[in-house]
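Take a look at the structure set out below.
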Amino acid sequence: MSNPTLQAFFLGRALATAIGEKVEEAITTGMSGVGRFDAEQREWLHRFVEDVFEQAQSSQAGMDSETDDGVGEDLQATIDNLRAEIAQVRVALQQYRSS
């Protein structure tokens, strides 16, 4: 192989093959990372949605049990009592301001 043009050709060809392999490896690794990230995000989102639904169901079950115990009926009485107390405090505050 004394011809420098022929040597340059084979050197360029080997270089192109090596670069192609490295690019292919980098793309494969990158796509694998993207796929893994996507799968992890989907799994995280799935777990998050399940947790939210579980919390909603347990809250609803708690409200249902409170309503069954008569707490729902007492809630309106509590609200009425609080409104009456607020009215009393307002009257007392107006009397204090006027004196």
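Between 0 and 90 degrees, the angle of helix 4-68 with respect to the longest Cα principal axis of the chain falls at about 10 degrees.
Can you give me the % of accessible surface on the chain that is carbon or sulfur? Probe 1.4 Å, all protein chains present, nothing else counted. Looking at the chain in its full context, I get 59 percent from C and S. Between the helical axis of 71-98 and the longest alpha-carbon principal axis of the chain there is an angle of about 70 degrees. Taking all protein chains into account, the per residue accessible area for the chain stands at 92 Å² (1.4 Å probe). One entry in (i) 113, 45, 8; (ii) 33, 32, 27; (iii) 48, 27, 22 is Cα extents along the principal axes in Å calculated from the shown coordinates; its label is (i).
The values are calculated or read from the model by the stated rules, or taken from the named source; none is laboratory data. Keep in mind it's a predicted model, so treat the numbers as computed, not measured. Accessible surface areas use protein heavy atoms only, side chains included; no ligands, DNA or RNA. Shrake-Rupley method; radii C 1.70, N 1.55, O 1.52, S 1.80 Å.
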